[in-house]
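Below is one structure, written out as structure tokens, with a few remarks after it.
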Amino acid sequence: MSQLPDRISRLEELARDLWWSWTPEARHVFRRLDYPLWRLTAHNPVRMLRVIAPDTLAQAIANPAWLAQYDRAMARLDETRAARNTWCARECPELAGRSVAYFSAEFALHQSLPIYAGGLGVLAGDHCKEASDLGIPLVGVGFMYPQGYFHQTISADGWQQEVYEKLSWTDAAIEPAMTPDGKPCVTAVPLGSRTVLLAVWRVRAGRVTLYLLDTDLEENAPWDRDLSARLYGGDRETRVQQEILLGVGGVRALKAVGITPAVYHLNEGHAAFAVLQRIRDLCETGWAFEAALEEVRRTTVFTTHTPVAAGHDTFPFHLVEKHLTGAWGEFGPYREKFFALAHHDTGDGPMFNMTALALRTAGATNAVSALHGEVTRRMWSAIWPGTLPERLPVRSVTNGVHASTWISAEIRALLDRYLGPDWIDHHDDPAFCEGVLGIPDEEIWHARQTLRAFLFTFIRERARHRWTKSGASASHIVASGTMFDHTALTIGFARRFTGYKRPDLIFADADRLAHVLNAHGRPVQVLFAGKAHPADDVGKHHLQQIYRRVLDPKFGGRIAFIEDYDLHVAHFLVQGCDVWLNNPRKPLEASGTSGMKAAINGTPHLSIGDGWWAEGFTGDNGWLIDGQADPNDHGAQDWADAQAIYRLIEEELVPTFYDRDANGIPRRWLQVVRQSIRTVLPRFSARRMVKEYVRGMYQPALGQQPVTK
Ligand SMILES: *Cc1c(COP(=O)(O)O)cnc(C)c1O
């Protein structure tokens with residue numbers, strides 16, 4: 001790294017606190033420092049500072065405007081870290097001096113830290129950022145996967161290739177976590193008949209700190225060093241070991257860095273082994289098993305994320321036994337009781353079920369949308385025999401997205417102007433957001449046009465890079481969207497490629513689709529992006545089908561596939577498309593969040609009434625797909641839903657979008673755009689969501705009397 005001039009000696013500190021990524025004043029410091037380098041590094045200031053030319057730094061400190069920006073950002077950072085009068089301090093004083101530990105297998109904070117695969121990670125990242133904004137003393141616990149999640153390329157015949165890259169540690173905003181006596185923190189976890197060491201890394205995100213576990217230590221055997229190498233990369237055996245490390249190791253790591261959480265929040269069942277470690281810790285100090293379980297339950301909250309059966313981790317008992325033997329220790333006599341907590345049979349015989357374990361050991365559980373709540377209560381009623389479904393202790397906290405992260409600079413500027421510069425402080429208040437209706441058509445249309453242009457510039461730059469650097473074929477370049485028309489109605493579909501999301505639904509009637517896309521003078525184009533899980537051949541097959549369609553001349557080059565969907569690509573897509581398509585098989589989409597990110601940028605949702613859209617659709621803020629077919633006949637349902645999509649595009653979207661006044665402005669379209677922002681920004685913000693977690697889940701846990709031995 002170049003030596004930083006004294007005047008800006010804290011720039012590295014700013015780069016190493018991901019708070020910069022959602023704070024415009026701080027982003028500008030890096031953007032304006034060296035814009036080409038900012039783009040070249042995909043907005044990674046740690047890397048920027050490592051490779052930046054000393055001359056550029058010298059120029060920067062000679063530039064009073066940039067220096068003023070730097071000073072403002074540093075002052076804001078200090079203010080943020082020191083703030084006493086936060087929402088949490090006012091509304092939840094019982095958290096003062098205590099902390100909430102948030103366990104998650106993935107966190108999506110920024111593209112420079114590739115420790116996430118999709119929606120679950122984005123939710124965790126947004127939760128942490130909002131917790132920081134609200135002043136909630138939250139610490140995240142997860143993995144520092146050295147190879148992270150894979151990068152995706154698509155072969156000439158449309159098959160997904162997974163490329164794993166070892167993370168460059170010098171380019172990531174991570175540093176060793178320290179113990180209270182100032183040593184790098186390493187913790188040990190008994191696994192089978194051996195002990196695996198975990199290094200603990202620290203990531204700063206404003207007021208929130210993440211502690212990330214990593215087995216890649218020289219002291220570990222080679223196969224153990226690889227345990228944390230990849231997110232969701234291994235077989236069942238790797239998976240159960242990873243989950244033991246996350247739960248058991250996570251609790252131990254917190255202890256080692258000197259943190260005693262008041263509440264444990266398990267984000268999905270992956271971390272449920274944490275309860276084993278906690279029960280064990282209590283039993284070792286003389287607690288009876290039942291009392292220890294009660295105490296753990298009092299302080300544990302659990303969020304379940306999927307109504308898809310395969311989405312819940314299950315293991316044969318012998319596999320868990322094999323890897324837990326070392327951890328039992330003194331706890332051995334309670335082995336049967338612990339297994340009973342995770343026992344669940346979905347018809348294929350009893351299994352060790354991570355969700356069942358979490359449901360039985362958490363004092364409060366929530367699903368992630370109202371509809372998902374109903375489905376979850378039905379799905380897991382066997383856990384509470386004899387209790388009526390509506391009485392089950394599963395509530396709903398609908399997901400939300402972190403506005404400062406997902407809103408574009410263009411829409412932000414309009415909100416600054418028409419809602420006031422401190423709109424972010426009030427944006428979860430629906431009455432306050434009425435102000436969106438006052439934004440003039442001309443300005444909002446200008447912002448929308450700009451965002452679409454940014455998206456197409458991004459697509460072309462990527463294609464150019466592929467073309468020059470790796471000699472991509474001409475058809476590859478076409479497939480990446482380079483023939484797209486920057487004024488045409490653009491539909492986006494980007495998410496994980498998995499069966500229930502029906503990524504290829506829109507191709508159900510290919511001739512009809514070709515007709516819709518190629519309408520003379522009123523073209524429509526569709527952008528796809530998304531990864532299939534490396535072990536999911538069905539998902540990859542869907543992806544291949546789509547890739548073949550992309551190359552089919554019948555669709556006129558109006559369909560494209562953007563490779564390597566990640567947070568960076570997601571930003572361009574949700575902001576730059578005109579419409580966001582979502583067509584899962586109801587009710588399998590627990591919530592979905594990409595449509596919220598799009599909607600708050602004025603990209604209205606065109607969706608099945610599943611997940612959040614079942615409560616988000618108001619009649620005038622987007623469109624509802626409902627083929628009205630028998631849900632038990634999947635073939636008929638797919639066909640009917642696809643027909644409903646074509647009908648909506650032809651009869652509603654296209655006429656509204658292309659209906660321009662004398663100034664070329666689509667007045668009716670912009671009414672939908674405005675309603676989309678007005679209704680979705682307050683109700684589906686992470687701010688509303690995190691406040692609900694505090695009031696409905698954390699506060700009740702804090703208010704209960706501790707159980708005694
Ligand atoms: C938001 C997001 C998701 C989740 O999208 P869904 O529509 O909820 O499935 C997945 N991946 C990335 C990179 C995202 O930004």
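The values are calculated or read from the model by the stated rules, or taken from the named source; none is laboratory data. Because the structure is predicted, anything quoted here is derived from the model rather than measured. Every residue, glycine among them, receives a Cβ derived from its backbone with ideal geometry; neighbour counts consider all protein chains shown. Accessible surface is based on the protein model in full, side chains and every heavy atom, while ligands, DNA and RNA are left aside. Shrake-Rupley method; radii C 1.70, N 1.55, O 1.52, S 1.80 Å.
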Item to complete: For Ala382, state whether it is open to solvent by 10 Å² or more (accessible area, probe 1.4 Å) and in contact with an Asp or Glu (Cβ under 7 Å, 6 or more places away or on another chain).
Response: no
Practice prompt. Could you list all residues from region 548-568 that are outside any helix (DSSP H, G or I) and not charged (D, E, K, R)?
Written response: Leu551, Gly556, Gly557, Ile559, Ala560, Phe561, Ile562, Tyr565
Item to complete: Please identify the pairs in which a residue from region 433-444 that is at negative phi has its Cβ atom under 6 Å from the Cβ atom of a residue that is part of a helix (DSSP H, G or I) and among the aromatic types (Phe, Trp, Tyr), counting only partners at least 6 apart or on another chain.
Response: Gly435/Tyr418; Gly438/Tyr418; Ile439/Tyr418
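If I ask for residues that are in a helix (DSSP H, G or I) and buried (at least 18 other Cβ atoms within 10 Å of the Cβ), which ones from region 625-638 would you list? Talk me through it step by step, then tell me what you get.
So in region 625-638, the residues in a helix (DSSP H, G or I) come out as 634-638.
Gln637, Asp638 - these are the residues of region 625-638 that are in a helix (DSSP H, G or I) and buried (at least 18 other Cβ atoms within 10 Å of the Cβ).
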Practice prompt. Please tell me if Leu357 is of a type outside the set (Gly, Ala, Ser), touching a Leu at 6+ places or on another chain (Cβ under 6 Å), part of a helix (DSSP H, G or I) and within 20 Å of Ala124 (Cβ to Cβ).
Written response: yes
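Scan the helices (runs of 4 or more DSSP H) fully inside region 37-111 and keep the ones with 1 or more residues being in contact (Cβ under 8 Å) with a residue 24 or more places away in the chain and over 30 Å from Lys691 (Cβ atoms).
Counting at least 1 such residues, we get 45-51, 54-61, 64-82.
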Practice prompt. With the condition kept exactly as written, say whether any residue in region 198-205 is crowded, with 23+ Cβ neighbours inside 10 Å, under 30 Å from Arg695 (Cβ atoms) and at pLDDT 95 or above.
Written response: yes
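So, Glu461, is that one at pLDDT 95 or above and away from the ligand (no atom under 16 Å from the Cβ) or not?
no
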Worksheet item: Do we find a residue being within 18 Å of Ile244 (Cβ to Cβ), over 21 Å from the mean Cα position of the chain (by Cα) and without any contact (Cβ under 8 Å) to a residue 12 or more places away in the chain anywhere in region 353-365?
Response: no
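When you scan region 639-696 for helices (runs of 4 or more DSSP H) that lie fully inside it, which ones turn up with 3 or more residues that are closer than 13 Å to Leu606 by Cα and outside the structural domain of Asp126 (by TED's automatic domain parsing)?
667-683
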Discussion item. Going residue by residue through region 152-174, is there one that turns out to be within 16 Å of the ligand (Cβ to nearest atom) and under 19 Å from the mean Cα position of the chain (by Cα)?
Written reply: yes
Practice prompt. List the number of the failed condition for His127; all other conditions in (1) in contact with a strand residue (DSSP E or B) (Cβ under 8 Å, 6 or more places away or on another chain); (2) within 12 Å of the ligand (Cβ to nearest atom) hold.
Written response: (2)
Worksheet item: Can you pull out the residues in region 564-608 that are more than 13 Å from the ligand (Cβ to nearest atom) and of a type in the set (D, E, K, R)?
Response: Asp578, Arg585, Lys586
Worksheet entry | Only one of Asp157, Asp126 that is of a type in the set (Asp, Glu) and at pLDDT 95 or above | Asp126
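In this structure, does Pro389 turn out to be surrounded by fewer than 18 Cβ atoms within 10 Å (Cβ to Cβ) and touching a residue at least 24 places away in the same chain (Cβ under 8 Å)?
no
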Worksheet item: Quick one: would you say Gln545 is in a helix (DSSP H, G or I), open to solvent by 20 Å² or more (accessible area, probe 1.4 Å) and away from the ligand (no atom under 15 Å from the Cβ)?
Response: yes
Worksheet item: Of all the residues that make up region 209-250, how many are more than 18 Å from Glu106 (Cα to Cα) and without any contact (Cβ under 8 Å) to a residue 12 or more places away in the chain?
Response: 4
Discussion item. Can you say whether Asp511 is touching a Pro at 6+ places or on another chain (Cβ under 8 Å) and either within 14 Å of Gly557 (Cα to Cα) or not in a strand (DSSP E or B) (or both), as far as the supplied structure shows?
Written reply: no
Response to the item:
Taking region 549-563 and keeping only residues that are among the acidic types (Asp, Glu) and either at pLDDT below 95 or more than 16 Å from the ligand (Cβ to nearest atom) (or both), one is left with Asp552
Worksheet item: Which condition breaks for Ala590 when tested against (1) touching a residue at least 12 places away in the same chain (Cβ under 8 Å); (2) open to solvent by 10 Å² or more (accessible area, probe 1.4 Å)?
Response: (2)
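Scan region 154-190 residue by residue and report those that are in contact (Cβ under 8 Å) with a residue 24 or more places away in the chain and of a type in the set (Phe, Trp, Tyr).
Hits for region 154-190 are Trp159, Tyr164.
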Discussion item. Please return the ranges of helices (runs of 4 or more DSSP H) entirely within region 215-331 where 2 or more residues are open to solvent by less than 10 Å² (accessible area, probe 1.4 Å) and out of contact with any Asp or Glu (no Cβ under 6 Å at 6 or more places or on another chain).
Written reply: 236-244, 250-256, 273-284, 289-298, 317-328
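Here's the yes/no breakdown for (1) among the charged types (D, E, K, R); (2) open to solvent by less than 10 Å² (accessible area, probe 1.4 Å):
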site: Ala62; (1), (2): no, no
site: Glu79; (1), (2): yes, no
site: Gly97; (1), (2): no, no
site: Leu134; (1), (2): no, yes
Worksheet item: Looking at region 478-500, which of its residues are part of a helix (DSSP H, G or I) and in contact with a Phe, Trp or Tyr (Cβ under 9 Å, 6 or more places away or on another chain)?
Response: Ala479
Discussion item. Going by what's in this entry, would Ala58 be described as among the hydrophobic types (A, V, I, L, M, F, W, C) and touching a Pro at 6+ places or on another chain (Cβ under 8 Å)?
Written reply: yes
Discussion item. Please go through region 450-496 and give me each residue that is basic (Lys, Arg), under 25 Å from His542 (Cβ atoms) and over 25 Å from the mean Cα position of the chain (by Cα), ordered by number.
Written reply: Arg466
Practice prompt. State all residues of region 276-306 that are of a type in the set (S, T, N, Q) and closer than 22 Å to Gly703 by Cβ; if no residue qualifies, say none.
Written response: Thr299, Thr300, Thr303
Worksheet item: Which residues, counting only those in region 485-499, are away from the ligand (no atom under 16 Å from the Cβ) and buried (at least 21 other Cβ atoms within 10 Å of the Cβ)?
Response: Leu489, Thr490
